[in-house]
Amino acid sequence: MFENNLEHLLNELSRIEQIILMELNSWRVKNQDIDKNYLGLCITDEEIDSLISQPVREQETGFRTRQKEETLRTLAEEIEREKEANLKYRKDLRLHTADEDLNCIHVHNAKTLRVLSSLPAGSSPVHVDISSDRKYLAATNRISGDLTLYDLEKETAGGENGITIPLKKSPPCHPYHLIFSRDPSLCYVTDFDTGELMVIDLAMPAVVDRIRVGNKCFGMALDETGSTAYICTWDRASVALVDLDRRRVVEEYRGFGEVATHCAIDAPGHQLIVTCQGGDAGGAVRIMDLETREITTTITDEKIQGSIGVTIDV
């Protein structure tokens with residue numbers, strides 16, 4: 001299945017390139033006068049040779065129609081399979097929501113939002129996420145202090161496919177925000193009570209590391225590489241930068257003025273958007289330049305005193 005539109009476009013361009021090369025080679029074989037440029041085309045033999053020798057893709061010498069046609073058929077079949085997989089995925093697309101009161105994860109039809117089933121979770125599930133390979137769904141349970149992991153490839157919807165991963169090393173434990181790593185076998189969970197970022201290996205399954213961040217870790221965001229986490233600390237009005245490869249805090253950005261709750265990364269704009277909830281100074285949304293590490297914009301309004309979540313429409 002295509003991961004995105006760019007991958008689909010590159011597949012189509014590859015197919016088009018093969019067609020052009022077939023026609024180009026066909027013309028060169030049939031050309032009666034090799035000393036003349038082809039009439040109707042503003043391109044010389046030297047330019048053609050230069051184009052064919054481009055290191056974009058290794059090209060064969062000579063004219064092999066059968067091999068080129070086979071390549072085209074293979075590409076076309078692959079594209080069709082990917083299209084079918086994409087259509088099936090959109091048709092079967094599901095939304096998953098955590099219900100803190102009913103202690104379950106609701107599975108919705110993404111188009112109609114109708115609840116299709118409910119998966120039993122721990123006590124007070126608060127966050128959910130899906131692995132990059134779309135195989136696993138995980139939920140953090142703040143009162144029971146654990147994580148529920150579901151195998152989405154199994155058809156059962158009664159909850160028997162869910163396993164519980166304990167997160168407590170000792171009370172108290174308040175798992176909050178959950179994000180899968182780019183490696184689908186790992187996920188990260190913030191612990192509001194201990195001020196740690198937990199690294200969970202789903203293959204074991206168990207907590208394999210705890211990164212000390214600061215008191216009351218709340219929301220977080222990962223950069224495009226998946227190697228850096230930005231974590232909001234509730235009581236320090238700051239955002240900690242965590243190197244996930246070295247598994248330690250490398251910087252802390254202060255000056256957010258209020259309780260920092262959640263953040264989102266605007267990668268093209270090189271910005272970090274942070275929501276700040278209430279407090280004596282009032283709520284706000286603050287934007288930090290990721291290159292200069294300076295807060296460039298502060299948005300305050302009486303209507304946003306309780307800012308607690310943020311996402312970017314891309």
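FYI, it's all coordinate maths here, none of it is from the lab. Being a predicted model, the structure only gives us computed values, none of them experimental. Here the Cβ positions follow ideal geometry from the backbone for every residue, glycine too, while neighbour counts run over all protein chains shown.
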Amide H to amide H, which residues 5 or more places from Ser181 or on other chains are under 5 Å from it, using H placed in the peptide plane?
-> Leu186, Cys187, Tyr188
For Gly283, residues with placed amide H under 5 Å, excluding near neighbours | Gly278, Gln305
Out-of-range pairs (alpha-carbon distance over 28 Å; input Lys135/Lys168; Lys111/Lys168; Lys154/Lys216; Lys169/Lys216) = Lys111/Lys168; Lys154/Lys216
Under the Karplus relation with 6.51, -1.76 and 1.60 and θ = phi - 60°, whole-Hz ³J(HN,Hα) for segment 228-238, x at Gly and Pro, equal 10, 10, 9, 10, 7, 10, 4, 9, 9, 6, 9
Neighbour net charge for Ala221 - beta-carbon separation under 13 angstrom, K R +1, D E -1 = -4
